[in-house]
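The values are calculated or read from the model by the stated rules, or taken from the named source; none is laboratory data. These numbers come from a predicted model, not from an experiment. Here the Cβ positions follow ideal geometry from the backbone for every residue, glycine too, while neighbour counts run over all protein chains shown.
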Amino acid sequence: MGADWARSAVVYQVYVRSFADADGDGVGDLAGVHGRLDYLAALGVDAVWLTPFYASPMIDGGYDVADYRAVDPTFGTLGDMDALLADAHARGLRVIVDVVPNHTSDRHAWFREALAGEPGARDRYIFRPGRDGGPPNNWRSVFGGPAWTRLPDGDWYLHLFAPEQPDLNWADPRVRDEFDGVLRFWLDRGVDGIRVDVAHGLIKPPGLPDATDLGSSGRRPYFDQDGVHEIYRRWRRLLDGYDPPRVAVAEARLRDVARTALYVRPDELHQAFNFDFLWAPWSLPSLRDAIDRSLAAMGAVGALPTWVIGNHDEARAATRLAAGTLRAGMADRPVVSSSPLDAAVGLRRARALALVSLALPGSAYVYQGDELGLPEVLDLPPSAREDPIWRRSGGELLGRDGCRVPIPWSGDAPPYGFGPDGSQPWLPQPTSWADLSVARQLRDPRSTLSLYAAALRLRKSFVDEPFRWLPAPEGVLTFERGPGLACALNFGPDPAQIPGRVVLASEPGEVLIPNTAAWYTPT
Ligand code: GLC
């Protein structure tokens, strides 16, 4: 089957704005990605997911799309995209693009028509009269504040994210037809798959009832309605109509992986990001349980899990995994803890978790910069911050800018080869990042980049082997992939023996020191 490649693929997430800036305006672009394809091919990933590069006023970094069929001039042209696709394919790299179906930008032609009060135009969005002088219900925006904004004429519209991102009404057949066309537009150009933004949000419950539990653990009524699945069955037919069939990955930010599995039933999407694993606290039982739950839930529908340790919405693994106080990431899940941050421990854990995630059965997602062990940048100047979470929380939450700082490629000072010398990256890079640059890490066999490259090379030999937990000493998580390869991660306070010959270790040494992992051939 032509879509099988995705089942065990390693997909590299390019946050286009922050990857590589070819034209020197401080913002990454498609030509920048194009120029770094050799890097991605040499790293050994199978596919690249590009975050939105469509025409957008950039209120939410491009997740506010004004025209789904146009490339924003900041990112380049359609011709740049075609050239990038052709050269990615020439290197054996597949390309996945983002589709943002839950909401448009308020600058989208449809919303302008709705504002102008053109007949029927408001039906494409979710407009309602207010209640008792206030919004139609008590829903809160994911970015903070109410999920409703009132127009001067008194009507309210729903936006689960920023007010500049009005939610579409998927009960309107014009919306469904339009997105068929958007999908076809990019698939016809040759993209290999799509990432579905807020895949769990498209259908709202009838009557838009008040939310009774607005906490981060409760089920919110505007997410994960059963009606969304009909849309993905329709999309699956569309994807299967291509030769070879194209694939889709769902971004459904759900903790319950059994609910997530519904998105990857055989007639729906192919993959879903594994937030259960991504959000697992650093402890052996929680990681082991997340792995067991994921394998069981996905196995029950004939799918394989994905393993995700970072993306453009979450605090960087190298910082998140250290104990500390962190108000970064998505507003509904700020990472908060009370003990001080320990950067060395965080990086050690991030490297260990990378080895685990790349050894598990299924597909792995690598967020740009995680292969360099980049930390979350916590001290960005307020004037540089762009995330609506930062603004809407009045600075109480740091939001997601700290995981979006442009990549250091080379050199000893900003912009570290992200853009031409003298250019100013849209977010300032720390002056301490010279040691973390790609060029520096390529020369160092012990670097995080060298670790990832070695793991991606070795992984090819066992991706089809069966998974099994192995008995292990207290505090050590151990599993094997077939008879030839085992992986162990030491959560305990003491060094542990490795029962075999080490083939790759997150830190050098003959024993497994705390917070490290190794791949080995069992003896
Ligand atoms: C998804 C994206 C996030 C964006 C949001 C609204 O969660 O990953 O970056 O802000 O959707 O589109």
Could you tell me which numbered condition Ser338 fails, if it satisfies all but one of (1) surrounded by fewer than 22 Cβ atoms within 10 Å (Cβ to Cβ); (2) at pLDDT 95 or above; (3) more than 18 Å from the chain's Cα centre (by Cα)? (2)
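Among the residues of the range 425-461, how many are of a type in the set (A, V, I, L, M, F, W, C), without any contact (Cβ under 8 Å) to a residue 60 or more places away in the chain and either within 30 Å of Met298 (Cβ to Cβ) or surrounded by fewer than 19 Cβ atoms within 10 Å (Cβ to Cβ) (or both)?
Qualifying residue count, the range 425-461: 4.
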For the range 131-145, give me each residue that is touching a Pro at 6+ places or on another chain (Cβ under 6 Å) and either at pLDDT 95 or above or closer than 16 Å to Ile203 by Cα (or both). Pro135
Would you confirm, using the coordinates I've provided, whether Ala31 is in contact with a His (Cβ under 6 Å, 6 or more places away or on another chain), over 25 Å from Gly362 (Cα atoms) and not acidic (Asp, Glu)? no
Hits in the range 100-159 - residues which are surrounded by fewer than 16 Cβ atoms within 10 Å (Cβ to Cβ), part of a loop (DSSP other than H, G, I, E, B) and not small (Gly, Ala, Ser): Glu118, Pro119, Pro129, Asp132, Asn138, Leu151, Pro152, Asp153
Selection within the range 135-185 - within 16 Å of the ligand (Cβ to nearest atom) and at positive phi: Gly144, Gly145
Could you list, in sequence order, the residues of the range 70-88 that are under 22 Å from the mean Cα position of the chain (by Cα) and either surrounded by fewer than 16 Cβ atoms within 10 Å (Cβ to Cβ) or in a loop (DSSP other than H, G, I, E, B) (or both)? Asp72, Thr74, Phe75
Within the range 394-405, how many residues turn out to be out of contact with any Asp or Glu (no Cβ under 7 Å at 6 or more places or on another chain), within 21 Å of Gly62 (Cβ to Cβ) and not basic (Lys, Arg)? 3
All but one of (1) farther than 30 Å from Arg385 by Cβ; (2) under 28 Å from the mean Cα position of the chain (by Cα); (3) part of a loop (DSSP other than H, G, I, E, B) hold for Trp519; state the number of the condition that does not hold. (3)
Candidates Asp224, Asp243 - the one that is in contact (Cβ under 8 Å) with a residue 12 or more places away in the chain, closer than 23 Å to Val11 by Cβ and in a loop (DSSP other than H, G, I, E, B): Asp243
Sort out which residues of the range 365-419 are farther than 27 Å from Ala344 by Cβ, crowded, with 23+ Cβ neighbours inside 10 Å and among the polar types (S, T, N, Q), and write them in order of number. none
Which listed residue, of Ala261, Ala248, Ala211, is among the hydrophobic types (A, V, I, L, M, F, W, C) and touching a strand residue (DSSP E or B) at 6+ places or on another chain (Cβ under 6 Å): Ala248
Which one of these does Tyr416 not meet: (1) more than 16 Å from the ligand (Cβ to nearest atom); (2) of a type in the set (Phe, Trp, Tyr); (3) within 21 Å of Gly310 (Cα to Cα)? (3)
Helices (runs of 4 or more DSSP H) within the range 246-309 that include 2 or more residues surrounded by 21 or more Cβ atoms within 10 Å (Cβ to Cβ) and within 16 Å of the ligand (Cβ to nearest atom): 275-278
Scan (1) modelled with pLDDT under 95; (2) surrounded by 21 or more Cβ atoms within 10 Å (Cβ to Cβ) for the single condition Arg351 breaks and write down its number. (1)
I'm trying to understand the selection: among the residues of the range 310-323, which are part of a loop (DSSP other than H, G, I, E, B) and away from the ligand (no atom under 16 Å from the Cβ)? Leu321, Ala322, Ala323
Regarding Asp188, is this residue touching a residue at least 60 places away in the same chain (Cβ under 8 Å), exposed (fewer than 13 other Cβ atoms within 10 Å of the Cβ) and away from the ligand (no atom under 16 Å from the Cβ)? no
Residue pairs meeting the criteria (Cβ under 7 Å; at least 6 apart or on separate chains; first within 16 Å of the ligand (Cβ to nearest atom), in the range 98-117; second polar (S, T, N, Q) and not in a helix (DSSP H, G or I)): Asp98/Thr51; His103/Gln165; Ser105/Ser56; Ser105/Gln165; Phe111/Thr104
